[in-house]
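Down below is the structure, laid out as structure tokens.
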Amino acid sequence: IVNDKNLGTIGVLVEKQLDPKKYKKWNDDCGAVDGQNPFENRAGYDMMHAPLDAFAESDEESEDDSSEDDCSGDKVEDDEVFTVADIPQAFSHFTYTYTKRKLLVCDLQGVLSTTTPPLFELTDPVIHFMSRRKMKSIFGRTDRGYKGRNDFFRTHKCSPLCRMINRRWIRKVGEHQRSSHLDDLEEQISNVAS
């Protein structure tokens, strides 16, 4: 909070400056994944060089779950390995599974710190909220709801890490325990938006 003599009391958001030489975008809010050919994501889209205003807002929204990739039933071998690039993708998938298909966190970008232990320092993520009430852009202009979720799962390929999280961890956490605090989320958002 800053007290300015002309503006009065205002809030200011300050983030740690990340090293621009190490800055990386692992995925975006439109389904693009680092390391994939842009044409695998969507025709002509280059996630590393798109300006922020290139993200089009869309009224097109579908609750169809046909694009979802459920890797929870895939067998996980004990000797499977995963790469650092698998971690942000698995985290995005985890957020969707953990919230019982209500939220998906993506547009993961930032710096991978090589300290011990290694640490992802992420900035400016996007949350896609799947609204049963057809509410739009709850989490800002980049919240694309069902369309964002569909775009993510259209390109997402579950890695061994994804399968481990879904099979070995999430299944061990009880349904009530993992999302009871999210059950009335849409009601709370409606009350704030009113």
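The values are calculated or read from the model by the stated rules, or taken from the named source; none is laboratory data. Keep in mind it's a predicted model, so treat the numbers as computed, not measured. Here Cβ is always computed from backbone atoms with ideal geometry, including for glycine, and neighbour counts include all displayed protein chains. SASA here: full protein model, heavy atoms, side chains in, ligands and nucleic acids out. Shrake-Rupley method; radii C 1.70, N 1.55, O 1.52, S 1.80 Å.
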Checking SER92, SER131 in turn, the sole residue that is modelled with pLDDT of 90 or more and hydroxyl-bearing (Ser, Thr, Tyr) turns out to be SER92
Those residues of region 102-121 which are assigned to a loop (DSSP other than H, G, I, E, B), open to solvent by 20 Å² or more (accessible area, probe 1.4 Å) and touching a strand residue (DSSP E or B) at 6+ places or on another chain (Cβ under 8 Å) amount to LYS102, PRO118
Restricting attention to region 122-156, the residues that are crowded, with 16+ Cβ neighbours inside 10 Å, on the phi < 0 side of the Ramachandran plot, outside any loop (DSSP other than H, G, I, E, B) and of a type outside the set (A, V, I, L, M) number exactly 11
Counting only residues in region 75-101 that are in contact with a Leu (Cβ under 8 Å, 6 or more places away or on another chain) and aromatic (Phe, Trp, Tyr), the one surrounded by the most Cβ atoms within 10 Å (Cβ to Cβ) is identified as TYR96
Taking region 2-37 and keeping only residues that are of a type in the set (A, V, I, L, M, F, W, C) and either in a loop (DSSP other than H, G, I, E, B) or without any contact (Cβ under 8 Å) to a residue 60 or more places away in the chain (or both), one is left with VAL2, LEU7, ILE10, VAL12, LEU13, VAL14, LEU18, TRP26, CYS30, ALA32
